[in-house]
Amino acid sequence: MSSHFFDGSSPKRYEATLKIRPEGISFETERGTLDWRYEDLIRLWDYRPGEHLALTHGKHQDSRLVIEEADAISEIGQHAPNLVNRSRERLKSVRIAGALAGGILLLVAAIYFLVPPIADRMARAMPWSFEAKDAPELAQLERFIGKTCTASRPNQVLYDMTDRLLAAANFPHPITVGVTNRKTPNAFTFPGGKIVLLRGLIDKARTPNEVAAVIGHEIGHVVNRDHTERWIRNNVLSAATTMLFGFNPTGSIGESLFQSGLALSFSREDERDADAFAIDLLNQLDLDPSGGAAFFKRLSRSGGLGEILPDYLNTHPESEGRAEYFREHGTGTKQALSPADWLILKQICVTTG
Ligand SMILES: [Zn+2]
């Protein structure tokens, strides 16, 4: 058992005689004496009890001091435990890794909690053209939502009713509304202010105000810029996820508004805000909210209205609570359509195109 030294410039192995000191190692070879302070030393590979300890000097990293004497190694360990004591070093790296993971978790939590409220404000500041360019052609959506119902008088009744709601909404960009021939009672809003009601919604509604409440809710999504908000939220979160983890488990960043519109639903807050918006429109026009309330209550009883597309019903599991909300906050008394116009609207899907 001995110690030896390589000077880094020749392959020669020099026998070394050690003196372990509190501040470092002095060792004597045939070339002379060297003083290495512990703080300058780097351990070269893992020391295991009973084996050698190989050290190099931070300023002469080609040189090697290889110590084989167990008592010298343990003495070094008393002065500079980090050079010898493997478990302590491992513990330290575990602590560092833990702190790092904690930091990343905090950052992720901060992003996930802070982005949504910021996205809401950012969305309202984004130009309308940003969203409007992603407006889908309804023909592209036919296989999901059925063909457009084209009966002309019923459509005129629908437009007139929607126009009154839109006038109250006071939104500066065009919003369109249409009905498609699908028997599921549901409604959607697509990027660019396209509102689509499925025929089932008109069929199931018992009063015009039930339809008006749903249209008001969808107008709320448009005015609140919920598509843009969702797009910002999802893209910022997926970019942050990619930056932190080097990959993105939730989908590509280049996802278009339309795709995100199909794939992900609005948040609960968005839904509540859209309801509040609808009630405000009904109140402005003095429209009785109880029809809307009854509609939501009926839907909550029927349940199980799953559709490929999200929104109106899929994202509203608490229809019962919403009915309550409409009843409590609504103040109007009138119906949105005359009984005659209501019967006409019910015929909207007698022709499709
Ligand atoms: Zn909604």
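The string of couplings for region 337-353 from the Karplus curve (6.51, -1.76, 1.60, θ = phi - 60°) is 9, 5, x, 5, 5, 4, 5, 5, 4, 4, 8, 4, 9, 5, 10, 10, x Hz, one whole number per residue in order, with x for Gly and Pro. Considering only alpha-carbon pairs that sit under 8 angstrom and 6 or more positions apart, the relative contact order computed for region 3-84 is 27 percent.
The modelled label-to-label distance between residue 21 and residue 122, using points 7 Å beyond Cα along the C-beta direction, is 6.0 nm. Of the solvent-accessible surface of region 3-84, computed with a 1.4 Å probe and all protein chains present, 46% belongs to carbon and sulfur.
Between the beta carbons of residue 276 and residue 60, assuming R0 = 56 Å, the FRET efficiency works out to 0.15 to the nearest 0.05. Projection of the Cα convex hull of region 64-164, averaged over all directions and equal to a quarter of that hull's surface, yields 16.2 nm².
A simple rule links phi to the HN-Hα coupling: the Karplus curve 6.51 cos²θ - 1.76 cosθ + 1.60 with θ = phi - 60°, which for region 213-227 gives 5, 5, 4, x, 5, 5, 4, x, 4, 5, 5, 6, 6, 5, 5 Hz, with x for Gly and Pro. Looking at region 106-172, the GluC sites (Glu not before Pro) that sit in a DSSP loop and have at most 12 other Cβ atoms within 10 Å of their own Cβ are 137. Taking the 1.4 Å solvent-accessible surface of region 170-237 as the whole, the part contributed by carbon and sulfur is 52%. The phi torsions of region 176-186, fed into the Karplus equation with coefficients 6.51, -1.76 and 1.60 and a -60° offset, translate into couplings of 10, 9, x, 10, 10, 8, 9, 7, 5, x, 7 Hz, rounded to whole numbers, with Gly and Pro shown as x. Distance from the Cα centroid of region 6-42 to that of region 127-198 is 83 Å (rounded to whole angstrom).
Each of residue 108 and residue 69 was given a label point 7 Å from its Cα along the Cα-to-Cβ line. The distance between the two points is 5.1 nm. Considered as an equivalent ellipsoid built on the Cα gyration tensor, region 3-84 has semi-axes of 18, 13, 13 Å, the largest given first. Apply 1/(1 + (r/R0)^6) to the Cβ-Cβ distance of residue 137 and residue 334, taking R0 = 41 Å, and write down the FRET efficiency to the nearest 0.05. So, using R0 = 41 Å, E works out to roughly 0.70. Take the Cβ atoms of residue 206 and residue 100, set R0 to 51 Å, and the FRET efficiency comes out at 0.30.
The values are calculated or read from the model by the stated rules, or taken from the named source; none is laboratory data. Here the structure is a predicted model, which is why all the values come from computation and not from measurement. All Cβ positions, even for glycine, are placed from backbone atoms using ideal geometry, and neighbour counts span all protein chains on display. Note: areas computed on protein heavy atoms with side chains; ligands, DNA, RNA excluded. Shrake-Rupley method; radii C 1.70, N 1.55, O 1.52, S 1.80 Å.
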